[in-house]
Amino acid sequence: MVPREAASLPYDWLRRSLQTLHQAHWHRQVQAVEGTGPVIQRQGQPLLNFASNDYLGLAGDSRLAEAAIAAIQQFGTGATGSRLLSGHRSLHRELECAIAAFKQTEDALVFSSGYLANIGTLTALVGSRDLILADRYNHSSLKNGAVLSGATVLEYAHGDLADLETQLTDRRQTYRRCLIVTDGVFGMDGDLCPLPGILALANRFGAMVMIDEAHSTGVLGKTGAGCAEHFGCQGQPLIQMGTLSKALASLGGYVAGSADLIDFLRNRAPSWIYTTGLSPADTAAAIAALSVLQQEPQRLTQLHDRAQFLRQQLDQLLSSLPGDTLTRLPSDSAIVCLQVPDAETVVQLGQQLQALGCFVSAVRPPTVPVSRLRMSAIATHQESHMTQLVQALGQALAQTLSRR
Ligand SMILES: *Cc1c(COP(=O)(O)O)cnc(C)c1O
């Protein structure tokens, strides 16, 4: 018998590891908020919300809620099984057809989350004889999917077509298949991938391209279909992945592309085959979100107006500050980031902003290489919300910088 104290020894490293996280100001924890949209509540206090991915302001829309309730009443609360065995419902197909029409692709497939869509797609499409070329700033789900696939993974410098071309020239021919993988809008930066240039290189080197439209679906393009629409690249051979959980205010992920691609994924993507189908409520809410977006395209222009207004206000504030303590990162999306020199300062700023009634994400390593405040616009924000945020930031900065 192992004595009682000794039995806990194999787990002691957990506490030491947590201590290291605390010392580096990298430790994170959750906090509960209530409500959705531009103004939410925390412990009963109103809080201006710049921390959500609910870009179109649909998470609190009664049409989505009603569709979800009706679906629960008709189909029940759970899909009760994997789609292939027993969990497939007419709603699932309805959503997939709606996504394919929205994306102008032959077909689409919905997964239980965007994370699972990326893992399933990457592991299905490439293996040990293949090459993945990935933007260095890609989302965690793309990075982990790439590793799981068993392919050789090479990263190219963020958004750098010249580096991508060099790596294709040096390495492409040694591998069977090649897949270039990139975020459409980079979620912790707000900038866009150079999609037309990537597609041209892919065409020259015989490579597939997969784009993650998590932060661009319902944000970019005339109808909100994403980067592919924004750049006029619809109709080109392209694997378009996205999530239902951000602008579409539901839960789940999707892949849209050729009929062959989708049929192949239904047969070969383990994170689709061996998991329960999307819940009826989530499925119906996503269908309703697509229909609202189609009926109210002005939400897209509103969203961009608000993001643009926020960028202008922030730039004004920054230009009034001494030196270059903070840098605003380039952004063409609903995401606006201010780079902050260190993790301790960004956490402090985040807390001060909260005390001043503004909810902003303080993002630190290892999520990003350099700490930043991440702010996102919602179509239903008012300009006065943005003005309040920038005023609060001015106050918080004055306090923080005077202490340094
Ligand atoms: C949020 C996100 C995902 C994951 O989507 P979920 O549906 O939340 O699992 C994938 N890729 C990117 C770029 C994301 O921002």
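For every other residue with a beta carbon closer than 15 angstrom to the beta carbon of K246, add +1 if it is Lys or Arg and -1 if Asp or Glu, then tell me the sum. Its environment carries a net charge of -4. What the phi angles of the stretch 60-76 give under the Karplus curve with 6.51, -1.76 and 1.60, with θ = phi - 60°, is a coupling list of x, 6, 5, 5, 5, 4, 5, 4, 5, 5, 4, 5, 4, 5, 7, 10, x Hz, glycine and proline written as x. Listed by chain and number, the lysines whose alpha-carbon sits under 26 Å from that of K222, ignoring those within fewer than 8 places in the same chain, are K103, K246. Rg/Rh for the stretch 224-335 (Cα atoms only, Rh after Kirkwood) is 1.09. Applying the Karplus relation 6.51 cos²θ - 1.76 cosθ + 1.60 with θ = phi - 60° to the stretch 256-265 yields 3J(HN,Hα) values of 10, x, 5, 4, 4, 4, 5, 5, 5, 5 Hz, where x marks Gly and Pro.
Quick check on the chain: take the gyration tensor over C-alpha atoms, sort the square-rooted eigenvalues as a ≥ b ≥ c, and tell me if it's rounded (a/c under 1.5), prolate or oblate. Cα axes put the chain in the rounded bin. Residues S333, S8, arranged from fewest to most other Cβ atoms within 10 angstrom of their Cβ, appear as S8, S333. Relative to its residue count, the stretch 215-266 spans a Cα convex hull of 73 Å³ per residue.
When the helices of the chain are scored as -39500 (n - 2.57) per DSSP H run of n ≥ 4 and the total is divided over every residue, the value at 222 nm lands at -13500 deg cm²/dmol.
A dipole drawn for the chain from +1 and -1 charges on Cβ atoms has a positive end, and of W13, A24, L300 the residue lying farthest that way is W13. For Q19, neighbours were defined as the other residues whose beta-carbon sits under 15 Å from its Cβ, and their charges (Lys and Arg +1, Asp and Glu -1) total +2.
Computed from backbone phi with θ = phi - 60° and the Karplus coefficients 6.51, -1.76 and 1.60, the 3J(HN,Hα) list for the stretch 230-239 is 3, 8, x, 9, 5, x, 7, x, 6, 9 Hz; x is used for glycine and proline. Among the chymotrypsin sites (Phe, Trp or Tyr not before Pro) in the stretch 107-181, none is located in a DSSP loop while being surrounded by at most 12 other Cβ atoms within 10 Å of its own Cβ. All other residues with a Cβ under 14 Å from the Cβ of E165 taken together, and with Lys, Arg as +1 and Asp, Glu as -1, what is their net charge? Taking every Cβ under 14 Å from that of E165, the sum is -1. Residue order for L179, L14, L329, fewest other beta carbons within 10 angstrom first, comes to L14, L329, L179.
In terms of overall dimensions, the stretch 62-295 has a Cα radius of gyration and Dmax of 17.3, 57 angstrom. Rounded, prolate or oblate: which fits the stretch 297-402 when a ≥ b ≥ c are the square roots of the eigenvalues of the alpha-carbon gyration tensor, with rounded for a/c under 1.5 and prolate only if a/b beats b/c? Here the stretch 297-402 falls in the prolate category. Value of Rg to Rh for the stretch 46-162, rounded to two decimals, is 1.05; Kirkwood radius and Rg both from alpha-carbon coordinates. Taking amide H as placed 1.01 Å from N in the peptide plane, the amide H of I180 sits under 5 Å from that of L133, M208, V209, M210, each at least 5 places away or on another chain.
Exposure proxy for K143, K246, K222: other Cβ atoms within 10 Å of each Cβ, ordered fewest to most, give K222, K143, K246. When the chain is treated as a GNM with alpha-carbon contacts under 10 Å, the residue of C178, C233, C97 showing the greatest mean-square fluctuation is C233.
Every number here is computed from the coordinates shown, using simple stated rules; none is lab data. Since we're looking at a predicted model, the values are computed, not measured. In this analysis, Cβ positions are derived from the backbone assuming ideal geometry, glycine residues included, and neighbour counts consider all displayed protein chains.
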